[in-house]
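Have a look at the structure below before the remarks.
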Amino acid sequence: MSVGLTEKSLRNARFRKTEEAIFKAFFDEKDRKKLSVDELVCRVGIDRATFYRHHRAIYEIVEDYKKYILEKYTRLMSSIRKRGGVNLRKLYYEMLIFILQNRKVFEMLMEEKEFGVLSEMVLVLELNVAEYMKILGDSERILRVYIGGITGLLVDWGLNGFCEVEVVEILNNLMYLTETVKNEFNIRGLALGGCKC
């Protein structure tokens, strides 16, 4: 993980303002692979030492944000599960809202063709899917297809610019996938407990 990109450090207004400037300068650069630390700090108006308090290297900025966003999402899902009384629709909705709240980061990741972050978020969601659907038996293949379907919907949504008005449609598609998987389990006679979708 980055040197300083954490929830705690981002609560500091000065750190957050500098990080936002670094992120914007990095995000606005069309050819990020050729961007140097010297060019970036010049654009942001900071010195190299300040940059290195935020990131170890310029090429690690995308990786830093991937790790940060996954840790943040994992904590969110954990807190939702601890509160209890949630269902899959609520979990899906929270995931979509999380993406919108961190839209700039996800847009950068999409530009960098870093779709793996969405897959990893869906894998975090998988624990909840398996728990709520009471998946038992030889069902891993069906679950992998299900997870791939969710990831595909999120990637398509991202490639279309994470349009907020599409949230309801995406949520409905996620619920349709859930129903399809439930039906597949029933057809195959696999153990499937009471799904609180």
- request: Check the straight Cα-Cα distances from LYS82 and name the lysines below 26 Å, setting aside those fewer than 8 residues away within the same chain.
  value: LYS8, LYS66, LYS67, LYS72, LYS90, LYS134, LYS182, LYS196
Hypothetical label at ARG103: residues of the stretch 29-68 whose amide nitrogen lies under 12 Å (7 Å Cα-Cβ projection): none
task: Place the peptides 7-13, 169-175 in order of packing, highest mean first, counting for every residue the other Cβ atoms within 10 Å and averaging per peptide.
output: 169-175, 7-13
message: Between the stretch 20-35 and the stretch 58-108, what is the separation of their alpha carbon centroids in Å?
response: 23
statement: In terms of the alpha carbon gyration tensor, root eigenvalues a ≥ b ≥ c, rounded if a/c is under 1.5 and otherwise prolate when a/b exceeds b/c or oblate, the stretch 1-63 is prolate
- line: extent check for the stretch 83-124: Cα max minus min per principal axis, descending, whole Å, gives 37, 20, 14
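Since every read-out is calculated from the coordinates, none of them should be taken as a lab result. Keep in mind that this is a model prediction, so the values were computed, not measured. A quick note on method: Cβ atoms are made from the backbone with ideal geometry, for glycine too, and the neighbour counts reach across all protein chains shown.
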